[in-house]
Amino acid sequence: MIEDLIKPNIKALKAYTIEATPCSIRLDANESPYGFPLGQFRLPTNRYPDPDARSLRRFLAEKWGVEPECILHGNGSDELIYYLLTAIGGPALIPAPTFSMYRIIAESLGEKNFMVALDEQFDLDMEPMLAAIKQNNPKLIFLSRPNNPTGNSFTYGKVIEIIEKTGGLVILDEAYQPFSTRGDSFVDLLPRYRNLLVMRTLSKIGLAALRLGFLIGDKAIIEAVNKVRLPYNVNSLSQAAAIGILEDEKSIEKGINSVIDERDNLFAELSELDGIKAYSSNANFILFKLNINSPLTADALHKKLIEDDILIKKLVGGPLDNCFRVTVGTPKENAAFISSMKKIIEETNK
Ligand code: PMP
């Protein structure tokens, strides 16, 4: 049987699924509702892209106050997670729940990984975290801050303690940092900790189509991870468009600020709904949970929202059972979502 040729760890792996249900209001993938036109970037199609994305890395280095040699470019940060696990390897320590690609990539590469549950507030649970570090000596620790899908930021001091106590590398995944408190990034701490790496993406601030992620950190580590990077991993259009679009800082900021304002409105409105607990968020999405005694089931809510042409992400597993993650959209999209939620809850309670 040709299926027998497939590696056992790949056979056992459940693929990362992306919901394809067509809905006009898509609040399921943590994208920005505000995009930018791409048509004006005219490039020759016959030439390979700059393999080292030099202009883009120089541009970002200035923005982030680091040297270009401290930045590695990826086809989205997903690719950088893959490169890290390829170049450094496991064991990897991963909190749970968090972004599922850390575990999926570790497993696809046959690298050991172990999960440590977050506490009731979805913060790092220090006793088991430190015990796991001592016992397993992880080479990589993945911390999404703010965390996907819970939306909270792990306590700053706890993260510092982990960086200081581990002999491994700590990857601070700051995909959602632009929506969090100003000055709360770990980029400023890079000169102090050689074992700290910060990961950034442009996907959440309106450039998801470009697939651009970055790893920032110690030159020696960046150089090592760069050895496993595929030659032309970031295409010419993405390199040129990122610089062109990011130069217009005002427009980027406007989109981010609108999402922050709308997130706070959405949180207030979700909190008012019967039978729902909303979790406060520092990201561009909100986690909410259906009361287990509610007559409305998670499956029914998901289906009814789709009938109203609205797609949000239904979560499963342990503390995420009965939970949903809704991405902050435009004011109009958020209003449509809240109005649909109200209608569905009212109908169920009749
Ligand atoms: N990290 C986190 C925490 C994410 O939520 C996501 C996207 N869902 C990514 C990384 C991957 O982002 P990218 O589009 O840059 O691959």
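Using only the C-alpha atoms, the convex hull of the range 166-309 corresponds to 189 Å³ per residue.
Give, as a single signed number, the net charge of other residues whose beta carbon lies under 12 Å from the beta carbon of Arg103, with Lys and Arg counted +1 and Asp and Glu -1. Each step should come with its number before you reach the end.
On the way: positive: Lys14, Lys112; negative: Glu107, Glu111.
Taking every other residue near Arg103 into account, the sum is 0.
Report, in degrees rounded to the nearest 10, the 0 to 90 angle that the Cα long axis of helix 126-136 makes with the longest principal axis of the chain. Taking the Cα atoms of the chain, the angle to 126-136 is about 40 degrees. In the chain, the DSSP-assigned H stretches of four residues or longer account for a calculated mean residue ellipticity at 222 nm of -11000 deg cm²/dmol, using -39500 (n - 2.57) per stretch and the full residue count as denominator.
Using Cα pairs closer than 8 Å and at least 6 residues apart in sequence, work out the relative contact order for the range 112-158, in percent.
Details: 27 pairs, mean separation 17.5, N = 47.
Value for the range 112-158: 37 percent.
Only Cα sites of the range 11-131 enter the Debye sum here, all with the same form factor; the resulting log10 I(q)/I(0) across q = 0.18, 0.23 1/Å is -1.25, -1.26, listed in q order. Each Lys or Arg adds one and each Asp or Glu subtracts one; over the other residues with Cβ under 10 Å from the Cβ of Ala336, this totals -2. For Leu169, the residues whose modelled amide H falls within less than 5 Å of its own, excluding neighbours fewer than 5 places apart on the same chain, are Leu140, Ile141.
Each peptide in 329-338, 297-306, 88-97 receives the mean, over its residues, of other Cβ atoms within 10 Å, and ordering these scores from highest gives 88-97, 329-338, 297-306. Each Cα pair under 8 Å and six or more residues apart adds its separation to the average, and for the range 44-199 the resulting relative contact order is 18 percent. Put simply, the amide H of Leu273, placed in the peptide plane, has no neighbours under 5 Å, leaving out anything fewer than 5 places away on its chain. As a ratio to 2.2 N^0.38 Å, the alpha-carbon radius of gyration for the chain is 1.02. The alpha carbon convex hull volume per residue for the range 54-247 rounds to 110 Å³.
Given 20 °C and 1.002 mPa s, compute D for the range 233-350 with the Stokes-Einstein relation, Rh being the Kirkwood radius over Cα pairs; round to the nearest whole µm²/s.
Numbers: Rh = 15.9 Å.
Once the numbers are plugged in, D ends up at 135 µm²/s.
FYI, it's all coordinate maths here, none of it is from the lab. Keep in mind the model is a prediction, meaning the values are calculated, not measured. Note that each Cβ is placed from the backbone with ideal geometry, even for glycine, and that neighbours are counted across all protein chains shown.
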